[in-house]
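One structure below.
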Amino acid sequence: MDLSLTPEQEELVRTLRAFARKELAPHSRDWDRSGEFPWQTWRQMGELGLLGLRMPPAYGGQESDYLTFGLAMEEIARGDFGCTYGLQLAGLAGEIVGANGTEEIKKRWLPPTARGEEVIALALTEPGVGSDAAHLACRAERDGDGYLITGEKSGISLAMVARSAVLFARTGVGGGARGVTAFLVPLDLPGVSRSPMRDMGSHSVGRGVLAFDHVRVPDSHRLGEEGQGFYQVMRGFDYNRVGIALACLGAAQISLEETMDYVKERRAFGKTLATFEGVSFKIAEAATHIDACRGLCYRALCLADRGRPHTKESAMTKWWAPKLAVETIHQCLLFHGHYGYTDELPFEQRMRDVIGLEIGDGTAEVMKTIVARELMGRESRPY
């Protein structure tokens, strides 16, 4: 399998690396401290086409290949990890709405989202459900020519700034995946309320709780047929998990590069830190693991671009990359001594940010369950 980049992809990497260095990194700490959502930067990412990478061209998107999406995630993460949420959520929402929404819905919501003027959240996770997404409690009950939605969604990224949400609710009887349906729900409708969550990291992402108290939406806001919502989002999760993995590697890679510059200059006992094997060997190991994980990510996305199964590879990258990134950034922090422990350097923020993706979009335990199932069949499933 040829994993080399095209000239266009190489140019994209150069462009986004410069953008991340000049426009994102200088503001990342301020966004983390204030929790302010970077609307201006969102619009800049829209101008670069980053928020429309997985949207239909007719509505302001590009429908780029999956590898290009992954490259963009990694490069943006080098500047600010929180901004990668824009790419992944606009991509997932863009695909679901673009493939299943009515013409009215697509024209209203996709173009401003691609431009970075509006945000669509993905309202899937619920209290007490977490990774068991097929057993949602939120319900959408028939009401004339529409639906009444009642329930709560928790841990929703961009909940506090989104203008709408792709919401998944139960329309069928009983439990399981077959009864879940997707809706596009404007968040200014009567009966919608939201409250912020106080997170350890990714403060500018505005994660929160969305509550729906008999919120009425018309039939036209249903995305696809009843009972298809779970399958719609699961199809997107495979490639999106690889994008998350590459974002984690981006944060780890820039931390490693900064640390290599530092240890070549910092002196102790008459020598630079780079000459001590206790330092250089750990850097060599981290670089090796990052390159290996990146290669697996590229392979997964190349499989996706060829229309081939990549669920196993996706799950492998999703449990490995966040763990590897946390370990790498932690070590970089330690190499910087007591200054590394302060918030004057970016390592503690990056580590806090990346830890969130050891949970979001599937925990390591769920990912390993998926890998085992793909390797050994359904006999290995615990549920």
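No value in this document is a laboratory result; all are computed from the given coordinates. Keep in mind that this is a model prediction, so the values were computed, not measured. Positions of Cβ are backbone-derived with ideal geometry, glycine not excepted, and every protein chain shown enters the neighbour counts.
Its Cα centre serving as origin, region 230-380 has a Cβ charge dipole (Lys and Arg +1, Asp and Glu -1) of approximately 460 debye.
Give me the base-10 log of I(q)/I(0) for region 305-366 at each q in 0.15, 0.25, 0.29 Å⁻¹, Debye formula, one uniform scatterer per Cα, rounded to two decimals. So the normalised log intensities work out to -0.54, -0.95, -1.11. Under Stokes-Einstein, with the Kirkwood radius over Cα pairs as Rh, the value for the chain at 25 °C and 0.890 mPa s is 115 µm²/s. Rounded to the nearest 20 debye, the dipole magnitude of region 7-118 is 220 debye, with +1 charges on Lys and Arg beta carbons, -1 on Asp and Glu beta carbons, and the Cα centre as origin. Since only TRP320, GLY101, TRP39 are under comparison, the one whose Cα sits farthest along the positive direction of the charge dipole of the chain, derived from C-beta charges on Lys, Arg, Asp and Glu, is TRP320. If the viscosity is 0.890 mPa s and the temperature 25 °C, what Stokes-Einstein diffusion coefficient in µm²/s follows for region 57-159 when Rh is the Kirkwood radius over Cα pairs? Rounded, D is 157 µm²/s. Under a model in which nothing but the beta-carbon of Lys, Arg (+1) and Asp, Glu (-1) is charged, region 217-291 shows a dipole of about 380 debye around its Cα centre. Note: region 121-227, Cα convex hull, 90 Å³ per residue. Between the listed residues GLY360, THR272, GLN349, the Cα displaced farthest toward the positive end of the dipole of region 230-380, a dipole computed from Cβ unit charges relative to the Cα centre, is found at GLY360.
Taking label positions 7 Å along the Cα-Cβ direction at both GLU11 and SER380, the computed distance is 4.3 nm, reported to one decimal.
Here the 3J(HN,Hα) profile of region 292-309, calculated from phi with Karplus coefficients 6.51, -1.76 and 1.60 at θ = phi - 60°, is 5, 5, 4, x, 5, 4, 4, 4, 4, 6, 5, 4, 4, 5, 8, x, 9, x Hz, Gly and Pro shown as x. The ellipsoid that matches the Cα gyration tensor of region 230-380 has semi-axes, each √(5λ) in whole angstrom, of 34, 15, 12, with the longest given first. Here is the list for region 246-345: chymotrypsin sites (Phe, Trp or Tyr not before Pro) lying in DSSP coil, each with at most 12 other C-beta atoms within 10 angstrom of its C-beta, are PHE269. Projecting the Cα positions of VAL13, GLY82, GLY61 onto the charge dipole of region 7-118 (unit charges on Cβ atoms of Lys, Arg, Asp and Glu, taken about the Cα centre) puts GLY82 furthest along the positive direction. Only residues of region 323-356 count here: report those whose backbone N is under 19 Å from the spot 7 Å along Cα→Cβ of GLU277, or say none. Zone members listed by number: none at all. The trypsin sites (Lys or Arg not before Pro) of region 192-296 that meet both conditions, a loop assignment by DSSP and at most 16 other Cβ atoms within 10 Å of the site Cβ, are ARG198, ARG266.
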